[in-house]
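The values are calculated or read from the model by the stated rules, or taken from the named source; none is laboratory data. Since the structure is predicted, the reported quantities are computational estimates derived from the model, not experimental observations. Because the Cβ atoms are built from the backbone with ideal geometry, glycine has one as well, and the counts that use them run over all protein chains shown. Please note that ligands, DNA and RNA were not included when accessible areas were found on the heavy atoms of the full protein model with its side chains. Shrake-Rupley method; radii C 1.70, N 1.55, O 1.52, S 1.80 Å.
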Amino acid sequence: MDLGIETLATISRGPVNERESPKPLHNALRKLARYQRRLAKKVKGSNGYRKLRLRIARLHKRIADIRVNTLHQLTSYLSDHFAEVVIEDLNIKGMMANGRLARHIADVGAFEFRRQMTYKMDWRGGVLTVADRWYPSSKRCSACGAHRPDLTLADRVYHCQVCGHRQCRDANASKNLENYTARSAGIHAAGDDGSARAV
Ligand SMILES: [Zn+2]
């Protein structure tokens, strides 16, 4: 499973492959960006500045609440439907949307997601596997295992220059995470290194 901002979760196996971030979250994020632009123009310490600061703080709280609720739905779904889930160690994709802000929110989300997954998988006797942070889940072709170090955050589609594979960036990343378990268990996914097959 690949965790993101726009698409909250991309799951390599169905029945539900994508979980969008809820609309109220999008709206609140847009509002927050607007407030922060406005705040930058205000005189520090002025009345208007203080009022806006307060509204921003409240909005932060609302965003956090929505995010936690959404994550609870997601982690319940995952722990109910899967015996093993592989996730990323860090959410580096947080840098995507609006710089530091989005990154911060994504990091908080990733932390809370992992906390919930850990205890929920445990309750149900499942396994949570965390791919090590150097595993190139985004920059690796999920079909042939080739790497594309030049892939940027703007590339929404993974297009492999070795085998021609084309896949939505998040879906490619989630597939790579699924393959991660096989690798760590010494089982190579088809085409992973060109020689080995499942044993
Ligand atoms: Zn490829």
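Reported count of residues in segment 163-185, each being modelled with pLDDT under 95, surrounded by fewer than 19 Cβ atoms within 10 Å (Cβ to Cβ) and hydrophobic (A, V, I, L, M, F, W, C), is 3. Among the residues of segment 1-51, those that are among the basic types (K, R) and surrounded by 15 or more Cβ atoms within 10 Å (Cβ to Cβ) comprise R19, K31, K42. Within segment 20-32, residues that are assigned to a helix (DSSP H, G or I) reach partners that are among the charged types (D, E, K, R) and crowded, with 19+ Cβ neighbours inside 10 Å with beta carbons closer than 9 Å, at six or more positions or on different chains, in the pairs L25/R67. Restricted to segment 120-140, and to residues there that are in a loop (DSSP other than H, G, I, E, B) and within 16 Å of the ligand (Cβ to nearest atom), the residue that is least open to solvent (accessible area, probe 1.4 Å) is S137.
A single member of L59, L54 is open to solvent by less than 70 Å² (accessible area, probe 1.4 Å) and not assigned by TED's automatic domain parsing to the domain that holds T181, and it is L59. Within segment 141-165, residues that are outside any loop (DSSP other than H, G, I, E, B) reach partners that are within 12 Å of the ligand (Cβ to nearest atom) with beta carbons closer than 6 Å, at six or more positions or on different chains, in the pairs H147/K139; H147/R140; Y158/Q167; Y158/N172; H159/R166. Look at segment 111-129: where a residue is without any contact (Cβ under 8 Å) to a residue 12 or more places away in the chain and in the same structural domain as Q73 (by TED's automatic domain parsing) and a partner is among the hydrophobic types (A, V, I, L, M, F, W, C) and open to solvent by less than 90 Å² (accessible area, probe 1.4 Å), sitting 6+ places away or on another chain with Cβ atoms under 7 Å, you get T118/L128.
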